[in-house]
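Q: One structure, as structure tokens, below. Some questions next.
The values are calculated or read from the model by the stated rules, or taken from the named source; none is laboratory data. The structure presented is a predicted model; accordingly, all values stated were derived computationally and were not measured. With ideal geometry, Cβ positions are generated from the backbone for all residues, glycine too; neighbour counts draw on all protein chains shown. Accessible surface is based on the protein model in full, side chains and every heavy atom, while ligands, DNA and RNA are left aside. Shrake-Rupley method; radii C 1.70, N 1.55, O 1.52, S 1.80 Å.
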Amino acid sequence: MPKERKYHEPLGVGFDTALTAIANAEKPTTLYAKPFLKWVGGKRSVLPELVKRMPPDYKKYNEPFLGGGALYFEVQPKRAYLSDINFHLIITFNAVRDDVDRLIRNLKIHEGKHSKEYYAKARKRLFTEKDPTKIAGLFIYLNKTCFNGLYRVNKSGQFNVPMGDYKNPLIVDEDNLYNCSQLLQGAEVAQHDFLQMKPTKGDFFYLDPPYHESYSQYDSNGFGDEGHKRLALFAREIDKKGGYFMVSNSDTPFVRELYKGYTIEVIRASRTVSCKAHQRGKENELIIRNYANKQGE
Ligand SMILES: C[S@@+](CC[C@H](N)C(=O)[O-])C[C@H]1O[C@@H](n2cnc3c(N)ncnc32)[C@H](O)[C@@H]1O
């Protein structure tokens, strides 16, 4: 008996279109999301150097010196634990994740009222406002309009950066905020010192502290040599527990000594912290890892 022949339903679309649809269904989706804050020490300019040195496989992504989170937004890990000591920064990340519609409405109000006088009032309100989403709105507004996107506080913890000289600062980047919000749904975000984080087997930790002998006024306590020593011990703890760490820091003999025995590589990076032109430009900095992978070797 002749075998029954099977026919496929016609696709109803061109062959190329069908192939593209199949390929896209397999691909993990990448959102267009970039840091929604300007941040001193932000890593956007060295992202290719960092990305190619990531471990090929890991369980959870951890970033305990979050700042603007440039590497996090680039890598877009499904599971992440993000933290920073900066209270306003973490309130803002939480508002972007959990209350983005109201945050955008609030930012539009700031955008409409922006002026020198309004900026001065907003600076004061940042420390009296109680509503977390409004705190986040003030924080993003000040970040987009202040001098160089600096975050600097005085001894009593008050934000004291003067207004920047921008013609049309982009205060509400609506699409980016929605995409960041979507990505952050997979992240836990917390405010604390890096040492409160628990090193765990198989997890990846990107450690990007205030650089040694560089800008460290992110909070009123500073970081200092003691901070770097504590961090190097924390990195050794990650290593002992079977996790992966990648550290960014200045190229100084002190830092090299702290991480002796690990993979230490030099990259060229632009320095953007200084307001003095002669202190800007390219500098050497270090990437230190407790593992090596082919691309990064
Ligand atoms: C170099 S910046 C991180 C930049 C970030 N990787 C980015 O791409 O924008 C250093 C961060 O460390 C935070 N920080 C300073 N001391 C800290 C501490 N003891 N524990 C946790 N975070 C701290 C600062 O608030 C700042 O956001």
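Q: Any idea which residue in region 251-288 is surrounded by the most Cβ atoms within 10 Å (Cβ to Cβ), counting only those that are polar (S, T, N, Q) and at pLDDT below 95?
A: Thr272
Q: Could you please find all residues in region 147-163 being among the aliphatic types (A, V, I, L, M) and in contact (Cβ under 8 Å) with a residue 60 or more places away in the chain?
A: Once the filter is applied, which keeps residues that are among the aliphatic types (A, V, I, L, M) and in contact (Cβ under 8 Å) with a residue 60 or more places away in the chain, region 147-163 yields Leu150, Val153.
Q: From Glu188, Glu174, grab the single residue that is away from the ligand (no atom under 12 Å from the Cβ), loosely packed, with under 13 Cβ neighbours inside 10 Å and under 19 Å from the mean Cα position of the chain (by Cα).
A: After applying the criteria, what remains is Glu174.
Q: Still on this model: When both residues are 6+ apart or on different chains and their Cβ atoms are under 8 Å apart, which pairs have a first residue that lies in region 164-189 and is part of a helix (DSSP H, G or I), and a second that is at pLDDT 95 or above and among the aromatic types (Phe, Trp, Tyr)?
A: Asn176/Phe36; Leu177/Phe36; Cys180/Phe36; Cys180/Phe73; Leu183/Phe73; Leu184/Phe93
Q: Could you give me the residue pairs with C-beta distances under 6 Å whose first residue belongs to region 63-92 and is among the β-branched types (Val, Ile, Thr), whose second residue is more than 6 Å from the ligand (Cβ to nearest atom) and part of a helix (DSSP H, G or I) wherever it lies, and which are 6+ apart or on separate chains?
A: Sorted first by the residue in region 63-92, then by its partner, the pairs are Ile91/Pro132; Ile91/Ile135; Ile91/Ala136; Thr92/Ala136; Thr92/Phe139.
Q: A follow-up question, please. For region 235-250: of the residues being open to solvent by 10 Å² or more (accessible area, probe 1.4 Å) and in contact (Cβ under 8 Å) with a residue 24 or more places away in the chain, which is nearest to Ser156 (Cα to Cα)?
A: Ser250
Q: Looking at Asn148, Asn168 in this structure, which one is closer than 23 Å to Ala70 by Cβ, at pLDDT below 95 and surrounded by fewer than 18 Cβ atoms within 10 Å (Cβ to Cβ)?
A: Asn148
Q: What helices (runs of 4 or more DSSP H) completely inside region 22-120 contain at least 2 residues that are away from the ligand (no atom under 16 Å from the Cβ) and either open to solvent by 20 Å² or more (accessible area, probe 1.4 Å) or in the same structural domain as Asn168 (by TED's automatic domain parsing) (or both)?
A: Here the list reads 87-98, 100-113.
Q: What are the residues in region 153-171 that are within 21 Å of the chain's Cα centre (by Cα) and either acidic (Asp, Glu) or over 19 Å from Lys121 (Cβ atoms) (or both), if any?
A: Matches in region 153-171: Leu170 only.
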